[in-house]
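Q: Handing you a structure now.
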Amino acid sequence: MSTSPVQAADTETAAQRRGRLRLSRGITATWWYTVSAVVFLEFMLVAVWTGALAGAGRSTAAIAAVGLGGLVWWVSTFLLMRDYRQRTEHEQFVPRPLVLVSLLIAACFGLIAGLVSGLWLLGVVPLIQTSMFLNWPSGVRLRVVIAATALLVVLWFIDGRLVVPPGAGSAWWLSGFFSVSLPSMTVLTLWWWDVLITVDRARASESRLAATQERLRVATDVHDLQGHHLQVIALQLELAERLMTNDPDAAFTQLQAARRSVDAARQGTRDLALRFRSVPLPDEVANAADLLRAAGTSVKVTVDADADQAPASVLGPVIRETTTNALRHGGGRWARLSLTRDADAWRYEIENDAAEALPSADGAGLEGIARRVEDGGGTVETRRGGQEFAVVVRVPVSPEGSR
């Protein structure tokens, strides 16, 4: 079940890429909710204004200009949303091409719509709405929204007094209210996305901080352990050097003590590394399932309640190796993991769908698993069917059963 290093690296890179996409699915879904809300609001604005012009008996050319121009302006919003997601808080008022194109489209549409309809409100709304997507500094966007809403209210009042006929239907008032409310509704939607991004960045920073603190803790433990032993060894060697001339036997005793201190330092370092590497077997199985799910595989897990009593030194590396093999050579659609107690032995099984064309491996991965399990007194069994592949490992419960 092994493959060349280049193939393994390529396969693992693809799996990690799929894992990142799967883990970011929640924030991606929220982003599409945000996009849907904003474009729906703008599409409804164009539809309401077109219906209001048609209900007022305006010319077909005016209605077509507002409708078609509004659709072009509506499509430009997708460019703004794409730019909005990619920018950072440090890029304020950067002349990005997508923003400039969208502002130009909004200005042209507002000018045409205002001229053909004679409405100040319809001429100003597109440009104000597009300006809501600019990367305003913190606290500035709220002032801009308040000022823009006040301006739209004034223009709505002017149009109602000078342009809109007294007997106009409710469509005019609905379109005016929708136009005045659109910037604030858009900013509220974008604000929710900004909050989510801030929380996600804080979570990532917290994860990096936790990893940094763990590294510092490990470094401190290694420093304390090695510093103590090295200081003792230095003193013993210095004492042996002083006694070498007058008392060779005592010097030899100190050299033996220094050698024992070296062995103690080596064993302490090994125990420290083992303490940080050791993971309870239920957690190993859970981590393996999470890794497979991150690669897009449907996973079913069965673990006994007392599985933490199983020999982790034997089964831990086996779980990791078989999971890696399932990622490299499996079909990637489904997998089943189980760690159960079977009479006087622990039984670990991983079963997954086989790829359409199984690689002609040299079996180094399975051979390594078999050697490790045999050293623990267990057995390894493999089953290969047309659509599935399984590895079954049995390890004795009692240490007396191992060789």
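The values are calculated or read from the model by the stated rules, or taken from the named source; none is laboratory data. Treat the numbers as computed from the prediction; the structure is a model and nothing was measured. Positions of Cβ are backbone-derived with ideal geometry, glycine not excepted, and every protein chain shown enters the neighbour counts.
Q: For THR77, are the conditions met, namely being in a helix (DSSP H, G or I), free of Cβ contacts under 8 Å to residues at least 60 places away in the same chain and either acidic (Asp, Glu) or surrounded by 20 or more Cβ atoms within 10 Å (Cβ to Cβ) (or both)?
A: Yes.
Q: Hey, another quick one. Which of the residues spanning segment 127-141 are of a type outside the set (S, T, N, Q), assigned to a helix (DSSP H, G or I) and either touching a residue at least 12 places away in the same chain (Cβ under 8 Å) or touching a Ser or Thr at 6+ places or on another chain (Cβ under 8 Å) (or both)?
A: Selection gives LEU127, ILE128, ARG141.
Q: Considering (1) assigned to a loop (DSSP other than H, G, I, E, B); (2) over 35 Å from the mean Cα position of the chain (by Cα), say which one ILE146 fails and leave the rest.
A: (1)
Q: List the pairs whose first member sits in segment 31-42 and is assigned by TED's automatic domain parsing to the domain that holds TRP73 and among the hydroxyl-bearing types (Ser, Thr, Tyr), whose second member is in a helix (DSSP H, G or I) and at pLDDT 90 or above, and whose Cβ atoms are under 7 Å apart, counting only residues at least 6 apart or on separate chains?
A: Correct list of pairs: empty, since none qualify.
So that you can scan it fast, the table gives a plain yes or no per residue for (1) assigned by TED's automatic domain parsing to the domain that holds GLN267; (2) touching a helix residue (DSSP H, G or I) at 6+ places or on another chain (Cβ under 7 Å); (3) farther than 27 Å from LEU80 by Cα:
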position	(1), (2), (3)
TRP172	no, yes, yes
PRO183	no, yes, no
VAL187	no, yes, no
TRP193	no, yes, no
ILE197	no, no, no
LEU237	yes, yes, yes
